[in-house]
Each structure stands twice: as structure tokens, then as C-alpha cells.
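So the structure is just underneath, and the comments pick up after that.
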Amino acid sequence: MEILLIAIFTVIASGVGTLTGFGTSTIMVPVLLMFLPLPQTLLLVGIIHWFGNIWKITLFHKGFRWRLILTFGIPGIIAAYIGAMLMTKLALSDYSGLLKQILGGFMIGYAVFLFIKPRIKVKADEKIAMVGGGLSGFCAGIFGVGGAVRGMFLTAFDLPKEVYIATAGAIGFVIDTMRLSTYTYKGIRLESGLMWGFILFVPASFTGAKIAKKFVEKIPQQKFRQVICVFLLLAGSKLLIFP
């Protein structure tokens with residue numbers, strides 16, 4: 001029953017994650033933490049998220065911007081390794097909740113700012129991309145929820161929706177590869193029952209991504225940024241109220 005519930009939840013989380021460019025981990029981590037220890041939760045959700053990024057790359061590959069992917073991805077890989085190493089050593093300190101609340105408050109403020117200034121656009125500057133990649137990689141490694149941070153920075157560039165999703169997927173893929181390798185290297189493992197569950201989890205994540213693609217095709221470009229802002233607001237509120 002546990003496996004089936006996770007599979008159903010994976011469809012929902014993958015759909016939201018594909019539509020927004022983030023979301024799978026942001027949604028799944030707090031729920032699965034009620035049933036599993038933090039290290040196992042981050043590994044399980046990380047693997048599902050890794051496959052979700054593959055679906056984003058596959059379904060929206062025409063939107064690739066390699067320069068943006070590299071400037072985000074390289075700092076993200078390094079920061080993801082540092083964050084994952086800290087997580088395995090500290091299992092998150094007493095200050096982790098406060099850090100998540102600060103991050104959540106910042107995300108809420110940023111989303112509100114974009115609602116007030118909907119036409120603002122940031123030049124795709126390499127320095128901003130590197131900072132965004134580093135922050136999202138570190139948050140992914142230590143908290144398992146780096147996608148919302150990545151989405152926050154990518155939204156500032158006001159990218160076409162296909163470019164936004166493809167870029168987010170490619171960056172997430174390289175960051176997730178690093179942090180999952182680090183978790184595994186440090187000895188984090190899943191129970192055999194959960195490993196068998198991937199027979200359902202992987203196709204469930206693809207199903208959610210495929211459904212999301214249909215919604216993306218129907219959302220006008222001028223409304224897409226507003227959709228991302230709504231989910232940033234929700235993700236930030238979750239981190240602020242339930243760290």
C-alpha cells in the first residue's frame with residue numbers, strides 16, 4: 001500500500017514539477033519525511049526527481065540553451081556536493097529549520113515583487129546564473145529542495161516556457177547526479193521494498209510529466225510567468241510555516 005501511495009503521489013508531484021520547472025522534491029520531501037528518515041527520504045525523492053529531469057529534457061529538448069545550462073550547472077554540481085556532504089555529516093542541525101524559513105520568506109517576497117512588477121526582466125548575466133546555480137545546488141544537496149531556488153533565478157530571465165523547462169531539467173539533472181552519487185558514496189541506502197517500488201515510481205513520474213506537457217502547451221507565454229510565481233509563493237509559504 002505504501003508503494004502504491006508513493007506512486008500516485010509521484011504522478012502529482014512530477015506533473016507539478018514539470019509544469020513549474022521545480023516542485024517534485026518540494027512537494028514530496030516534507031510528506032515522505034513523515035514515514036522515512038531524512039537521508040532515505042532525500043535519496044528516494046532524489047532518484048524520482050532525477051528521472052523527472054530526464055522527462056523534462058526529453059519532452060522539451062528543443063528549448064535547450066547550453067550556455068545558460070553550463071553557467072548554472074557547473075557551480076551547481078560543486079555546491080550540490082558540498083551540501084550533500086554536510087547533510088550526511090550533520091543530518092541537518094538545529095538551525096536547518098531557521099535557514100529554510102529565511103529561504104521561504106525570501107521566496108515569498110520575490111514572488112510578490114514579480115506580481116507587482118510583472119514586466120521586469122533580468123539580462124541573462126553569467127554572474128547571476130552562477131549564483132543561482134550555486135544556491136540551488138547547495139539547497140538540493142542539504143535540503144533536497146533546490147528546484148524552487150533554481151526556478152526563482154530562472155524566472156528572472158523571463159525565458160520562453162519551453163526554454164525554461166528544458167533548462168531547469170538539464171540543470172537539475174547534473175545537480176541531482178552529483179548529490180545522489182554523494183549520498184550513495186556516504187553509505188545511504190534504501191530498503192529492498194522501496195527499491196522494487198521504482199517499477200511503479202519511474203513510469204509514474206513519466207505519466208505526470210506527460211500530463212504537464214499538455215497543460216504547458218495550453219498556457220499562454222504571457223501567463224506562464226504568473227503560474228511560476230504562484231508556485232514559488234506556495235513553496236515559500238511551505239518552507240516558512242512548515243520548515
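Dipole magnitude of the stretch 110-243 about its Cα centre, charges +1 at Lys/Arg Cβ and -1 at Asp/Glu Cβ only, in debye to the nearest 20? Present the calculation step by step, with values, prior to reporting the outcome.
Working: 17 positive and 7 negative charges, 75 e Å.
Once rounded to the nearest 20, the dipole reads 360 debye.
Among 140-148, 207-215, what's the highest-first ranking by average C-beta atoms within 10 angstrom per residue? Write down the numbers at each step before the final one.
Details: 140-148: 28.1, 207-215: 18.3.
Top to bottom by mean Cβ count within 10 Å: 140-148, 207-215.
Could you point to the residue in 160, 40, 24 farthest towards the positive end of the stretch 2-241's charge dipole, with +1 and -1 charges on the Cβ of Lys/Arg and Asp/Glu respectively?
Looking along the dipole axis, the top candidate is 160.
Strictly greater than 18 Å: what percent of every Cα pair in the stretch 119-243 meets that? Kindly include the intermediate steps, with their values, before the conclusion.
Values: 4894 of 7750 pairs.
Looking at the stretch 119-243, the distances longer than 18 Å represent 63 percent of pairs.
Please work out the C-alpha center-to-center distance from the stretch 128-206 to the stretch 27-84 and express it in whole Å.
Cα centroid of the stretch 128-206 versus Cα centroid of the stretch 27-84: 1 Å apart.
So how do 50, 196 line up by other beta-carbon neighbours within 10 Å, fewest first? Before the final figure, lay out the partial values.
Numbers: 50 18, 196 12.
By the 10 Å Cβ count, ascending: 196, 50.
Report the one residue of 148, 222, 5 whose Cα lies farthest in the direction of the positive end of the charge dipole of the stretch 2-241 (charges on C-beta: Lys and Arg +1, Asp and Glu -1; origin at the Cα centre).
Looking along the dipole axis, the top candidate is 222.
How large is the charge dipole for the stretch 2-241, taken about the Cα centre, if only the Cβ atoms of Lys, Arg (+1) and Asp, Glu (-1) carry charge, to the nearest 20 debye? Please list the in-between numbers first.
Numbers: 23 positive and 9 negative charges, 151 e Å.
It comes to approximately 720 debye.
Every number in this text was worked out from the coordinates using simple rules, so none of it is lab data. Model, not experiment: these values are computed from the prediction. No Cβ is skipped: glycine too gets one built from the backbone with ideal geometry, and neighbour counts run over all protein chains shown.
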